[in-house]
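Student: Structure in C-alpha cells, see below.
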Amino acid sequence: MHSNIISASAIDRLGSMLDRAMNIVITCHLSPDGDAMGSSLGLCNALRNAGFKARVCVPDTPPKYLMFLPGASEIVIYSRSQAYVSRLMNGADIVFCLDYNEPKRIDLMEQVMMESPAPKVMVDHHLNPADFPAVTISHPEESSTSVLIYHVLSALGMQDRINADVAMCLYTGMMTDTGNFSYNSNNPAIYRVIADLVERGIDKDWIYRKVYFSNTLSRLQLNGYALENKLEVFEEHKAALITLTREELNRFHYQKGDTEDLVNKPLTIADVTYSVFLREEADYIKVSTRSKGEFPVNLMCREHFNGGGHLNAAGGEFYGTLQEAVEVFHRIMPLFDRYL
Ligand code: 5GP
Ligand code: MN
C-alpha cells in the first residue's frame, strides 16, 4: 500500500543515508510503552530483514507484557549496559529516535545519544519536535509512531521487508496508542494499514490478548484497591484523581507497568472529562493524565508537572512530595475549568 503522508525530501535523505549505512541504533523513550517498543522493534526487524545490523537501545527495562514482541529479548538496556550502549552509539551509522520529541525523554541515555557521531533520524508523533536530528519525520496528527514507521518503510520501497514479525510489532504500537482503536482512531488510513498487516500474517486477536490479558493477581488487586479506596471524583471540575504511595505499591508487589491502564479507568465515568494519576517513585512523583475531547492534559503537564505529551494523554514528573503534588492538582483544577 502506498502512502504520501511522509515528505518526499525526508525519504530521499533517509534513503541515501541508508544506502551508506550498515550499523543502526534505534532508541525510544523512558518507560517504553507499546508504541515505543512496537515502532522500535518493527523498524529493527525490517532493517534486519534488509541486511542491516540493527539494535534497539532503551533507557530502562521494558515492561514484561511487551516481551512477546519479536526481538524484545535482544533489546539493550542502558541502565544495565551503559558501556555497551555507548559502544553501539559510537559505532552507529544512523541513530533513530522513535516516539519522542526531545532528548530528555531518553533520560540518562541522552548524553551518549547526543554525542554519537551518527546522524539522527526522528520519527515521532508528539508536538514540538526538538531540532537536533538530521532528518525529522514528525506527524502529531498521526495516532502512533508505529503507523508512521509503516508509512516510512512503504515510502522507502521496503514493503517486502514487512514480514509477520514486523507487522506484529507495528500493529501492537497502533493498538496500544489508540486504546485498541477507541481514541485518535478516526483516520481511515489506519484501517487500510491494519488490513495489510493482517494479510502479512498477524493474529490481531492473539496480540490483543497478549497485551491486555496480561494481569497478575496482585496487579489486578492493586488496580482494584486503587479504584475502591484511592479514586476521588471532583464533579464540579469533571476531574478524577488517583494517588498511590510507595507503601501501597509495595503492598501489592508493584512491578513496572502494573498501573499502566489505571489512569484510563476514571474516564469510563460519563461525567469525568479528565483523569490524573500520581504515583510515588523513589525520588519524584510520576504524573499520568488522560482526557476526553478537547481537554488539553498536555498543557496541564507542561505547565505544572515538567512534562508534556498529547492532548488526551500526557505525563510528567513532579519533584516534591506526593502531598505537594496533590496540592498543586487542587490549585490548578479551577484554572482548567475553562477547557471543560
Ligand atoms: P503515560 O501516562 O503513559 O506515562 O504517558 C502518556 C503520554 O504522555 C506519553 O505517550 C508521552 O507522550 C507523554 N509523557 C509521559 N511522561 C512524560 C514526561 O515526563 N515528559 C513528556 N514531555 N511527556 C511525557
Ligand atoms: Mn506513541
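The values are calculated or read from the model by the stated rules, or taken from the named source; none is laboratory data. Given the structure is predicted, the values throughout are model-derived calculations rather than measurements. Heads up, the Cβs are rebuilt from the backbone with ideal geometry, glycines too, and the neighbour counts pull from every protein chain shown. The accessibility values were calculated without ligands, DNA or RNA, using every heavy atom of the protein model including side chains. Shrake-Rupley method; radii C 1.70, N 1.55, O 1.52, S 1.80 Å.
Student: Go through the stretch 161-185 and give me each residue that's without any contact (Cβ under 8 Å) to a residue 24 or more places away in the chain and polar (S, T, N, Q). Don't jump to the end; show me each part of the working.
Tutor: Within the stretch 161-185, the first condition is being without any contact (Cβ under 8 Å) to a residue 24 or more places away in the chain, and the residues that meet it are 181-182.
SER182 - this is the single residue of the stretch 161-185 that is without any contact (Cβ under 8 Å) to a residue 24 or more places away in the chain and polar (S, T, N, Q).
Student: Here are some conditions: (1) surrounded by 14 or more Cβ atoms within 10 Å (Cβ to Cβ); (2) free of Cβ contacts under 8 Å to residues at least 24 places away in the same chain. PRO188 meets all but one. Which one does it not meet?
Tutor: PRO188 satisfies every listed condition except (1).
Student: Something else about it: Can you tell me which residue is modelled with the highest pLDDT among those in the stretch 215-235 that are surrounded by fewer than 17 Cβ atoms within 10 Å (Cβ to Cβ) and within 21 Å of GLY34 (Cα to Cα)?
Tutor: By that ranking, first place goes to LEU220.
Student: Given the criterion of a type in the set (D, E, K, R), open to solvent by 40 Å² or more (accessible area, probe 1.4 Å) and closer than 25 Å to MET37 by Cα, identify the matching residue among LYS238, LYS286.
Tutor: After ruling out the rest, the residue left standing is LYS286.
Student: Would you check if there is a residue in the stretch 210-224 being in a strand (DSSP E or B) and free of Cβ contacts under 8 Å to residues at least 40 places away in the same chain?
Tutor: Within the stretch 210-224, the first condition is being in a strand (DSSP E or B), and the residues that meet it are none.
There is no residue in the stretch 210-224 that is in a strand (DSSP E or B) and free of Cβ contacts under 8 Å to residues at least 40 places away in the same chain.
Student: Also, I was wondering about something else. Tally the residues that are open to solvent by 10 Å² or more (accessible area, probe 1.4 Å) and farther than 12 Å from ALA314 by Cα, restricting the search to the stretch 258-283. Working first, answer last.
Tutor: From the stretch 258-283, those open to solvent by 10 Å² or more (accessible area, probe 1.4 Å) are 258, 260-261, 264-265, 267-271, 273, 279-283; that's our starting set.
Checking which are farther than 12 Å from ALA314 by Cα leaves us with 258, 260-261, 265, 267-271, 273, 279-283.
Matching residues across the stretch 258-283 total 15.
Student: Just to be sure before I move on: is CYS57 at pLDDT 95 or above, within 16 Å of ligand 1 (Cβ to nearest atom) and buried (at least 17 other Cβ atoms within 10 Å of the Cβ) in the structure I sent? Walk me through how you get there before you give the answer.
Tutor: On the way: at pLDDT 95 or above: yes; within 16 Å of ligand 1 (Cβ to nearest atom): no; buried (at least 17 other Cβ atoms within 10 Å of the Cβ): yes.
No.
Student: For the stretch 40-51, does any single residue satisfy the condition of being within 16 Å of ligand 1 (Cβ to nearest atom) and either more than 27 Å from LYS210 (Cα to Cα) or not basic (Lys, Arg) (or both)?
Tutor: Residues of the stretch 40-51 within 16 Å of ligand 1 (Cβ to nearest atom): 40.
Then drop every residue that is not either more than 27 Å from LYS210 (Cα to Cα) or not basic (Lys, Arg) (or both), which leaves 40.
The answer is yes; a qualifying residue exists.
Student: Can you say whether TYR212 is within 16 Å of ligand 1 (Cβ to nearest atom) and over 25 Å from ILE6 (Cα atoms), as far as the supplied structure shows? Write out each step before concluding.
Tutor: On the way: within 16 Å of ligand 1 (Cβ to nearest atom): yes; over 25 Å from ILE6 (Cα atoms): yes.
Yes.
Student: What's the total number of residues in the stretch 6-52 that are in contact with an Asp or Glu (Cβ under 9 Å, 6 or more places away or on another chain), within 16 Å of ligand 2 (Cβ to nearest atom) and not in a helix (DSSP H, G or I)?
Tutor: 6
Student: Do we find a residue being under 19 Å from the mean Cα position of the chain (by Cα), within 16 Å of ligand 2 (Cβ to nearest atom) and small (Gly, Ala, Ser) anywhere in the stretch 266-276? Walk me through how you get there before you give the answer.
Tutor: Filtering the stretch 266-276 down to residues under 19 Å from the mean Cα position of the chain (by Cα) leaves 275-276.
Keeping just the survivors that are within 16 Å of ligand 2 (Cβ to nearest atom) gives none.
No, the conditions are met nowhere in the stretch 266-276.
Student: Restricting to the stretch 298-340, name every residue that is more than 7 Å from ligand 1 (Cβ to nearest atom), open to solvent by 50 Å² or more (accessible area, probe 1.4 Å) and not in a helix (DSSP H, G or I).
Tutor: Once the filter is applied, which keeps residues that are more than 7 Å from ligand 1 (Cβ to nearest atom), open to solvent by 50 Å² or more (accessible area, probe 1.4 Å) and not in a helix (DSSP H, G or I), the stretch 298-340 yields LEU311, TYR319, THR321, LEU340.
Student: Give the residue, chosen from ALA134, ALA155, ALA130, that is farther than 15 Å from THR27 by Cβ and either among the small types (Gly, Ala, Ser) or at pLDDT 95 or above (or both). Reasoning before the result, please.
Tutor: Values: ALA134 fails: farther than 15 Å from THR27 by Cβ; ALA130 fails: farther than 15 Å from THR27 by Cβ.
Unique residue meeting the criteria: ALA155.
Student: Still on this structure, I have one more. Could you list, in sequence order, the residues of the stretch 235-270 that are assigned to a loop (DSSP other than H, G, I, E, B) and either among the hydroxyl-bearing types (Ser, Thr, Tyr) or in contact with a Lys or Arg (Cβ under 6 Å, 6 or more places away or on another chain) (or both)? Let's see the steps before the verdict.
Tutor: At the first step, the residues of the stretch 235-270 found to be assigned to a loop (DSSP other than H, G, I, E, B) are 238, 245, 252-261, 269-270.
The answer is THR245, TYR254, ASP258, THR259.
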